[in-house]
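To start, the structure itself, in structure tokens.
What follows is calculated from the coordinates using simple rules that are stated; it is not laboratory data. Owing to the predicted nature of the structure, the values given are computational and were not obtained by experimental measurement. Because the Cβ atoms are built from the backbone with ideal geometry, glycine has one as well, and the counts that use them run over all protein chains shown.
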2 protein chains.
Amino acid sequence: MQEFTLDERLERDSICLANLGLTQLRLMKDGRWPWLIAVPRRADVTEVFELAPLDQTMLTFEVNEAAKALKGVTGAEKINIAMIGNQVRQLHVHIVARFSGDPNWPGPIWGYGEPVFHTGDTMKMLAVKITEAMSDQ
Amino acid sequence: MQEFTLDERLERDSICLANLGLTQLRLMKDGRWPWLIAVPRRADVTEVFELAPLDQTMLTFEVNEAAKALKGVTGAEKINIAMIGNQVRQLHVHIVARFSGDPNWPGPIWGYGEPVFHTGDTMKMLAVKITEAMSDQ
């Protein structure tokens, strides 16, 4: 069985918050939207239905917990959740906090404009709040 | 308990393929991409984590079965799955077959350009194939 290795682009674009039961939960460095990704720690999976059935359920559980925490922390108007992967094929789930009037609202965030990176402080604060919110649930 | 009523815009933009255990599976009339939506038949749900835990699992199961069928029928290069809902707040899951070079590839489909409707025949054929593929699984 091949070992899980995080895709280089996902690694470069985000920082690790926690290793959950199945996924590695990460915070994107692009600060235009509060934006998490959850990456199942399984080798060679591109489509969600390639995961074993129990992993599919675990993924749902972990993504939905993260979404709930992100909504609580940010007060987002809407959470956007997506598995796209047209460019990075390693299965990963986007979990994004959206607000009326944010960049490209109400359109999608993917492929829109150029990243505007968090400062170290705002990223650290967001990381701490999300991690705390998830352990409180 | 309030009864489920399909959002008017979702109803206008798509046709019903099947009522599954939890969701109504629908085919979008926009033929630029083979594009399904799955709508949980629950009243007043906007975010996926508002569903009861068993419904969350059912949703995953039904969406992933539909995604697998769509991939099998279309030979898509990548399936895109998303819950956005910035405009239509009734919880619905997009399941889209994507191909290199399709409109806006590798970007997202949402908010891109104007719909190009299926002809009745291509839509009917796609509907039949997807329904058959799902009952074969």
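Quick notes on this structure:
- Estimated from the Cβ-Cβ distance and a Förster radius of 51 angstrom, the FRET efficiency linking B:Glu114 and B:Gln137 is about 0.90.
- Between the helical axis of A:53-74 and the longest alpha-carbon principal axis of chain A there is an angle of about 10 degrees.
- For a modelled paramagnetic label at B:Leu54, 7 Å from Cα along Cα-to-Cβ, the residues of region B:2-21 in reach, with backbone nitrogen under 20 Å, are B:2-4, B:19-21.
- Projecting the Cα atoms of A:Leu20, A:Leu36, A:Thr57 onto the charge dipole of chain A (Cβ charges, centred on the Cα centre) puts A:Leu36 farthest toward the positive pole.
- Rounded tilt (10° steps) of B:120-136 against the dominant C-alpha axis of chain B: 60 degrees
- For A:Glu77, the point set 7 Å out from Cα toward Cβ sits 3.4 nm from its twins in the other copies, listed from shortest up.
- Cβ charges +1 (Lys, Arg) and -1 (Asp, Glu), total dipole of region A:8-136, debye: 180 debye
- Taking Lys and Arg as +1 and Asp and Glu as -1, the other residues whose beta-carbon sits under 15 Å from that of A:Ile79 total -1.
- Centroid-to-centroid, using Cα positions, region B:1-31 and region A:23-58 are 27 Å apart.
- Copy-to-copy label separations for B:Glu132, where each label sits 7 Å from Cα toward Cβ, in nm and ascending: 5.8
- Cβ-based exposure ranking for B:Arg12, A:Arg26, A:Arg32, in which fewest neighbours within 10 Å come first: B:Arg12, A:Arg32, A:Arg26
- In nanometres and ascending order, the distances from the B:Thr119 label point to those of the other copies are 6.0 (point 7 Å from Cα along Cα→Cβ).
- Net +/- balance of residues flanking B:Val88 in space, Cβ distance below 13 Å, scoring K and R +1, D and E -1: +1
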